[in-house]
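Scroll down for the structure; my scribbles are underneath it.
Every number here is computed from the coordinates shown, using simple stated rules; none is lab data. All values reported here derive from a predicted model rather than from experimental measurement. Reconstructed Cβ throughout: ideal geometry from the backbone, glycine too, with neighbour counts over all protein chains shown.
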Amino acid sequence: MSSNTEILKQAALNDELRNSHSLIERGFGELQEMGFGDEFYHLPHQLLASGFERIMKCFLCAYNFETQGEYPDEKSMPKYGHDLIKLKDRIVDIYIG
């Protein structure tokens, strides 16, 4: 694989990490701004779920790069969908075995 492709993938991963951080930060910020009578938790939960999903997928991409020497393509990346539990379990498996 060309070094230009790897550079572009690294840049995309960096952008995705920034987006993940922003979503998580905004999700917690929305929760802090909620009043006692406010029952609309959907938006903060959506922001947090999206941020955590993205950051876990970034971790798996970085792990693949460290262990395989390349970033995964669409065919080699396992399909986790939006399942945060499966993503978390995979990360725990990597660290704990």
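Name the residues in the stretch 1-55 that are charged (D, E, K, R) and surrounded by 14 or more Cβ atoms within 10 Å (Cβ to Cβ), would you?
Result: Glu6, Lys9, Glu16, Arg26, Glu30, Glu53, Arg54.
Given the criteria over 11 Å from the mean Cα position of the chain (by Cα) and part of a helix (DSSP H, G or I), does Ile24 qualify? Here the answer is no, as Ile24 does not meet what is asked.
Checked against (1) assigned to a helix (DSSP H, G or I); (2) within 30 Å of Ser3 (Cα to Cα), Val92 passes all but a single condition, namely (2). Note on the stretch 50-89: residues that are under 19 Å from Arg18 (Cβ atoms) and not in a helix (DSSP H, G or I) total 1.
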